[in-house]
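Step one of this worksheet: look at the structure below.
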Amino acid sequence: MAVSVLPAAAAGLSEPTSIAMAAQVQVAAIDTPLADAPIPTAYVAGADSGRQPLMMIPGFDSSLLEFRRLLPLLNPQAWAVDLLGFGFSDRTRYPSLSPGAIKVHLHSFWQQMIDRPIVLVGASMGGAAAIDFALTYPDAVAGLVLIDAAGFAAGPAMGNLMVPPLDSWATAFLRNPRVRRGISRQAYFDKAFVTPDAELCAALHLQCPSWKEALIAFTKSGGYNFLTAKIPQLTCPTLTIWGEQDKILGTKDARRFAAAIANSELVWIPQCGHVPHLEKPQATAAAILSFVGKLA
């Protein structure tokens with residue numbers, strides 16, 4: 001298994017979809033206006049198939065490995081990319097992390113690697129990042145898919161703790177395997193999905209340099225709390241996918257997205273929690289491919 005791009009512990013991955021995606025992770029040197037040197041950015045490439053490309057972005061304190069079960073069902077046109085400061089992308093070249101920096105970096109990745117309109121797929125906080133991107137760069141976005149997305153929801157409640165020495169305490173708390181296991185169990189409707197492999201996928205990026213510093217910087221920035229009033233300004237076709245048993249964000253915001261975005265549709269995934277792309281990947285992929293088909 002080729003996992004040289006990832007931390008050495010990736011050799012312990014045991015489920016086929018995890019092993020396969022880990023072997024596909026690459027790093028591109030992305031030139032941005034943010035730094036003098038290119039920013040090493042982790043991604044999985046889609047094929048140049050002539051089909052509508054999709055670009056998937058993961059949530060808060062996560063990595064592109066969270067798409068390990070969904071991406072194979074969307075190939076060959078699907079890309080996945082880690083946001084600036086998260087996952088396996090470099091955290092050291094631009095330490096002043098904020099939603100604005102994330103957006104610029106993501107646009108630079110899109111320009112350098114894809115450079116044609118995409119269907120942008122964002123999960124949880126990645127949904128908020130996708131909304132912000134689509135509002136700023138509408139010509140780059142042919143369609144938007146929001147999977148149990150943040151945007152209306154407030155950002156991480158840890159923001160007030162991000163001052164020394166509480167910031168180190170807060171990140172140490174998030175690093176604790178028992179805490180992370182509890183969050184994973186809350187994210188799934190079916191707790192059987194919280195396997196050792198799933199826990200390893202969710203924690204691998206913690207071994208990357210400056211994980212703590214980047215998490216503190218982003219949380220102190222306030223995150224995506226500014227988006228609520230802007231969501232109705234979206235004009236691109238939008239699909240909202242939501243787990244009926246989401247205990248992380250609840251279900252109210254799914255209807256709020258559907259009501260606020262003029263050109264939108266809502267698909268509920270039954271017997272599913274906050275992560276339909278992991279818990280119900282077939283149903284999630286079917287909804288996305290149906291949506292993409294309507295854009296043609």
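Quick notes on this one:
- A Cβ distance below 9 Å, combined with a sequence gap of six or more or placement on separate chains, defines the contacts here; from segment 72-86, residues that are without any contact (Cβ under 8 Å) to a residue 40 or more places away in the chain reach residues that are in a loop (DSSP other than H, G, I, E, B) and of a type in the set (D, E) in the pairs P76/D48; Q77/D48.
- The criterion of being surrounded by 17 or more Cβ atoms within 10 Å (Cβ to Cβ), in contact (Cβ under 8 Å) with a residue 40 or more places away in the chain and on the phi > 0 side of the Ramachandran plot does not hold for G273.
Residues are listed down the side, and each one gets a yes or a no for (1) closer than 23 Å to A202 by Cβ; (2) among the charged types (D, E, K, R):
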position: A9; (1), (2): yes, no
position: S14; (1), (2): yes, no
position: D31; (1), (2): no, yes
position: R93; (1), (2): no, yes
position: S96; (1), (2): no, no
position: I102; (1), (2): yes, no
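- Scope segment 276-296; condition part of a helix (DSSP H, G or I) and free of Cβ contacts under 8 Å to residues at least 60 places away in the same chain; matching residues: A283, A286, A287, S290, G293, K294
- Subset of segment 170-186 that is in contact with a helix residue (DSSP H, G or I) (Cβ under 8 Å, 6 or more places away or on another chain) and modelled with pLDDT of 85 or more - its residue that is surrounded by the most Cβ atoms within 10 Å (Cβ to Cβ): S184
- Residue within segment 131-140 that is farther than 18 Å from L239 by Cα, touching a Ser or Thr at 6+ places or on another chain (Cβ under 9 Å) and free of Cβ contacts under 8 Å to residues at least 60 places away in the same chain present: no
- With respect to the conditions (1) surrounded by 15 or more Cβ atoms within 10 Å (Cβ to Cβ); (2) farther than 18 Å from T284 by Cα, P232 falls short on a single one, namely (1).
- If you go through segment 104-155 and pick out every residue that is under 13 Å from F257 (Cα atoms) and part of a strand (DSSP E or B), you end up with 4.
- Filtered residue count, segment 7-20, keeping only those that are under 14 Å from E66 (Cβ atoms) and in a loop (DSSP other than H, G, I, E, B): 2
- Qualifying residue in segment 194-208 (condition: assigned to a loop (DSSP other than H, G, I, E, B), farther than 27 Å from L73 by Cα and among the hydrophobic types (A, V, I, L, M, F, W, C)): yes
- Some residue of segment 8-30 being closer than 21 Å to A134 by Cα, aliphatic (A, V, I, L, M) and touching a residue at least 24 places away in the same chain (Cβ under 8 Å): yes
The values are calculated or read from the model by the stated rules, or taken from the named source; none is laboratory data. As the structure is a computational prediction, the values presented were derived from the model and not from experiment. So basically every Cβ, Gly included, is an ideal-geometry build from the backbone, and we count neighbours across all protein chains shown.
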